[in-house]
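Accompanying notes for the structure given below.
Nothing in this text is a laboratory measurement; each read-out follows from the coordinates by a stated rule. Remember, predicted model here, so these are calculated numbers, not experimental data. Glycine also receives a Cβ, built like all others from the backbone with ideal geometry; neighbour counts cover every protein chain displayed.
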Amino acid sequence: MSPYGVGVEPMLRALQVGESAVTKWDVLEQLGYACQVSARPPEITDEIKPRYFTDLTIKFLQHNGVLYGSIAGMDAWADAGLERGDTTDWDSGTIFGMGSSAIDLMVKRHLELVDEHQVRRLGSTSVEQVMNSGISAHLAGFLGLGNHVTSNSSACSTGSEAVIIGYERIKAGKALRMLCGGCDGYNQYSWGGFDAMRVLCRDSNDNPAKASRPLSAEAAGFVPGAGAGALVLEDLETAQKRGARIYAEIIGTGLNSGGQRMGGSMTKPNNEGVRRCMKMALEEGQIKPEQIDLIAGHLTSTLGDVLEMQNWHEVLGLSGKDFPYVNSTKSLIGHCLGAAGAIELVAAVLEMKHGFIHASLNSENLHPAIAALVDREKIPLQAIKKDINIVAKSSFGFGDVNSCVVLRNWKN
């Protein structure tokens, strides 16, 4: 569930042609935000809603992040050839995270009614509408999941972290399959904090498609986005036995924190922690640096892009034309926060399956420190056809948290 719309097909088409999903949002302009652009999913129409929800469910499903995650999760489940059973599926669970809570619902409804001494008017579903575990709880109910069901939250690392936690549970033999992903909604209240921090792009309100500029010397802050990404992880033997369609294989993961030491802070990474995370994933996957075809970077259009590329350089020991291809999905859809890692993993899987590397828009003028490490041709400005066997996906979040997933194309 991306800023391009519902389902995989709209996103695949946009990735293949390099279409930006960033637009101006008049609400931000009216409120005097310095950043007035964003990448938001289109409205879920009354025609689409009945495909997923009953009238009663949609009446109480007010958080748009949970709405996006529910749709993405159910679509992934169906795409995997799985059904919504009438009995509990004890072998299947979900780790599905969310970056921010339902601050808009609390501001607009809860605070108002409580302060007016009208708490009884909140209704019997008020808690489930705002609880942080709402997305995993809803998906468990929609699909009858009886294994581990929980929601994680680790800022912008949330989506990738969810996949890693699900992978570890299957690897430990405690589940046969896990529905994993991340979601985040949009509202002017949660995005206000980022605008106040001056970390959003402020100079492209009249040219939204040029606002997100990862890897560029003109990078001026990230573009806020929203949506959801979901992947079904399954034990290989089980998936093959039931004839599942397999897109890719997870062969290595890394998950850690820099501890906000050695230069790390709430908003800046401890570079040693980042490198340890990357090495962890590559070592588990038994991957040599030259085997990596594509780095699907976190790459937010901030100064963090330089640090990320320098850390990959240190870990891989490669530079120039020997460096892997690099791209940033955020150049197309902005930074979807808690959903980012999951959506970007979906993009990586699509690139592997369809044999292409999508463009990194607006990176014509590479940051000098990045240009010194990576050959210009390895950061494509337009989609290129390319057989991809190994992808390394990195994600980072506030709190100095890191995650890395190594995928291998499934060609069996």
- [ ] Place a label point 7 angstrom from the Cα of A217 along the Cα-to-Cβ direction, then list the residues of the stretch 327-363 whose backbone nitrogen is under 15 Å away.
- [x] 363
Open item on the list: As a test of the formula, what do you get for the chain when each DSSP H run with n ≥ 4 contributes -39,500 (n - 2.57) and the sum is divided by the residue count, at 222 nm and rounded to the nearest 500 deg cm²/dmol?
Closed with: -9500 deg cm²/dmol
Task: Filter on K59/K210; K24/K378; K279/K411; K241/K385; K24/K386; K174/K268 - keep pairs with C-alpha separation over 27 Å - done: K59/K210; K24/K378; K241/K385; K24/K386; K174/K268
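Take the alpha carbon gyration tensor of the stretch 8-241, find the square roots of its eigenvalues, order them as a ≥ b ≥ c, and report rounded if a/c is under 1.5; if not, report prolate when a/b exceeds b/c, else oblate.
Numbers: a/c = 1.93, a/b = 1.28, b/c = 1.51.
Verdict is oblate for the stretch 8-241.
Can you give the extra length, in nm with one decimal, that the chain gains between R198 and E314 once fully stretched, where that is 0.36 nm per residue apart less the Cα-Cα distance?
Working: separation 116, 0.36 × 116 = 41.76 nm, distance 2.95 nm.
Between R198 and E314, full extension yields an extra 38.8 nm.
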Task: 15 Å cut-off, amide nitrogen to a point 7 angstrom out along T54 Cα→Cβ, residues in the stretch 67-92 - done: 85-87
TODO: Go through 350-360, 280-290 and give me the packing order, highest mean Cβ count within 10 Å leading.
DONE: 350-360, 280-290
Open item on the list: When a/c reaches 1.5 or more, the comparison of a/b and b/c decides; with that in mind, is the stretch 131-284 rounded, prolate or oblate per its Cα gyration tensor?
Closed with: prolate
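What FRET efficiency, computed as 1/(1 + (r/R0)^6) with R0 = 22 Å and r the Cβ-Cβ distance, is obtained for T45 and E9, rounded to the nearest 0.05?
Calculated transfer efficiency: 0.85.
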Open item on the list: If R₀ is 30 angstrom, what is the calculated FRET efficiency for the pair E249 and R120, using the beta carbon separation as r and rounding to 0.05?
Closed with: 0.05
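Restricting to DSSP loop positions (anything but H, G, I, E, B) with no more than 16 other Cβ atoms inside 10 Å of their own Cβ, which trypsin sites (Lys or Arg not before Pro) remain in the stretch 46-102?
Numbers: sites: R51, K59, R84; in loops: R84.
The qualifying sites are R84.
Pairwise over distinct Cα atoms, reciprocal of the mean inverse distance: report the Kirkwood radius of the chain in Å, one decimal place. Please report the intermediate quantities before stating the final value.
On the way: mean 1/r = 0.0469 Å⁻¹.
In the chain this quantity evaluates to 21.3 Å.
Set the Förster distance to 60 Å, then compute FRET efficiency between E29 and T150 from the Cβ-Cβ distance, nearest 0.05. Display every interim value, and only then the final one.
Numbers: r = 38 Å, r/R0 = 0.64.
Approximately 0.95, to the nearest 0.05.
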Open item on the list: With the cut-off at 1.5 for a/c, could you classify the stretch 249-409 from its C-alpha gyration tensor as rounded, prolate or oblate?
Closed with: rounded
